[in-house]
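Let me begin by presenting the structure, written as structure tokens, before commenting on it.
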Amino acid sequence: MLSSINLSTLVALFTIFHQVHSATPDQWRSKSIYQVLTDRFARTDLSTTAACADGFEGYCGGTWSGITQNLDYIQGMGFTAIWISPVIEQVSDVTRGYTGYAPQNMYALNDNFGTSDDLVALSSALHARGMYFMVDVVPNHMAYDGDATAVNYGTINPFNNSDYFHSLCWIDDYNNQTQVQQCWMGNMDYPLPDIATENEDVQSIVNAWLPTFVSQYSIDGLRVDSAKNIEASFFPGYNSAAGVYCVGEVADSDVDSVCSYQNVLDGVLAYASATAFFSDPSATASAFVNEVQSTNTGCKDTTLLGSFSENHDQPRFANATSDMVLAQNIITYTMLADGIPISIYPTISSACDPLTSAVYQGQEQHFSGGVSPYDREALWPSDYSTSSPLYKLIQSLNAIRSLALYSSTDYLTWKTQVVYSDDHNIAFRKGDASYMTLMVLNNLGSAAEDYTVEMPSVGFPAGLTVVEVLTCRSVTVGSDGSLAVGFQGGAPMVFYPYFLLTGTGWCGY
């Protein structure tokens, strides 16, 4: 069980498997990412009582130094990388600048979060722990405080005249890709002038700045905001200039559309209908299973997908349902499905290079904020509890994922398969027969009665003893390869071979 894990053994395992050498895409493939909204994660003074009202739009005092001082909290869950919100200078309107997505000066940092030395110190502290450092970047647009029809481009650095931008028009149809790529986000009072990224001068400026930025702060990866709003031909030069792993946001709910991005990019972030299934005990699994299978056939490589169930732009899972057991099920899926776990609601994103898994800060504390900005709660009132149920679950899931990666050379590239499904129960296999994990989930929630399901041919060899690692129950695979799965109170289950747990301290083995 969770409390039975030898923490020192797990930390050693994380450290051995996730040593930082160079941040290649293949190395990122194994990562587990914790998403940090800098202004809401931790303050330099480490206060846990500083005011930051739910829904407040403005700076609450989170800093890069605050993150550095609280890395034990993140690493204690087993995360091997962090992704922080954009770092460059923002417009003066604090209701826009605190998130980092209203950039005004590409060549300066947002001093509300700290100094250049503070950002370097954060990067160095992560690398000293064997962790990777990802920074959010915003190449699609800049921002202006004022009327969209009277933008003073001289206030924007380095794109200081209108020639660097598309003419003013608003996106009103996100199914019209030409409009998405050439029109502006924002509104008349809070415009986000859309950069003409097809312009060769723009590309030259960006691609000259990017490697210096990456090098100065020893950045291992970039999360590229609003990638769907930029023409695909922009990315090869951008990614090459960065010289590091980059993952781009491509918000789209259509599997075929998202998978098509693997023709020009290496991976996609997929989360689709998982929330719809796991948040509603009356929902049936067919749509979710069909989407998983469609993704398997439609995407070039599902092992380069990233999985989300929450982020800073969408209502949190606990806003849809307060049921802790359902939250445990979706987090288990997020952490152990193909690719890199990250947490978002039902939209889909895409990546320039392979991705791993991530959790958005506060999900481990079962935060329940609704639509933005209510989903951007300060974390410090939680007192960074390490005893919350989801914190401890994530710790265990990261640990079993790391053990599976360590024990099997092909676990990372083995595509997850649905080996059983009915209306409310789904079993996912990942890995070669004797080294696989079997993730068994349901959407019945905490009101579920105990029951047993006979699952034929789940993938384990006949006669193998496997352990349900979250409760330490053991069971032997049948002579026909079947497994009798005993559901208890709707909780998720993860089965793993007993012989691979020996010596790990897990469940006392």
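The values are calculated or read from the model by the stated rules, or taken from the named source; none is laboratory data. Please read these numbers as outputs of a predicted model, since none were measured by experiment. Glycine gets a Cβ as well: all are built from the backbone with ideal geometry, and neighbour counts include every protein chain shown. Keep in mind that these areas ignore ligands, DNA and RNA; they rest on the heavy atoms of the full protein, side chains included. Shrake-Rupley method; radii C 1.70, N 1.55, O 1.52, S 1.80 Å.
Laid out as a table, the results:
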read-out	value
Packing-based order for 486-496, 174-184, using average beta carbon neighbours within 10 Å, highest first	486-496, 174-184
Unit charges on C-beta of K, R, D, E only; dipole of segment 20-91, Debye	240 debye
Calculated Rg and Dmax of segment 39-162 using C-alpha coordinates, Å	15.9, 50
The chain, relative contact order in percent, only Cα pairs under 8 angstrom and at least six apart counted	16 percent
Total lysine pairs whose alpha carbons fall under 21 Å of each other in the chain (8 or more apart, or interchain)	8
DSSP bridge pairs, the chain: antiparallel proportion in percent, nearest 5	60 percent
Where SER446, SER32 fall by accessible area, highest first, once all protein chains stay in place (1.4 Å)	SER446, SER32
Label-point gap, in nm, between TYR374 and ASN161 - each point 7 angstrom along Cα→Cβ	4.7 nm
Rg/Rg_globular for the chain, with Rg_globular taken as 2.2 N^0.38 Å and Rg from C-alpha atoms	0.96
Accessible area expressed per residue, the chain, with surrounding protein chains retained (probe 1.4 Å, Å²)	35 Å²
Where labels lie 7 Å past Cα in the beta-carbon direction, separation of LYS415 and THR476 in nm	3.5 nm
Sequence-separation-based contact order of segment 364-468, relative, with Cα cut under 8 Å and 6+ spacing, percent	17 percent
Apportionment of accessible area to carbon and sulfur, the chain, percent (1.4 Å)	48 percent
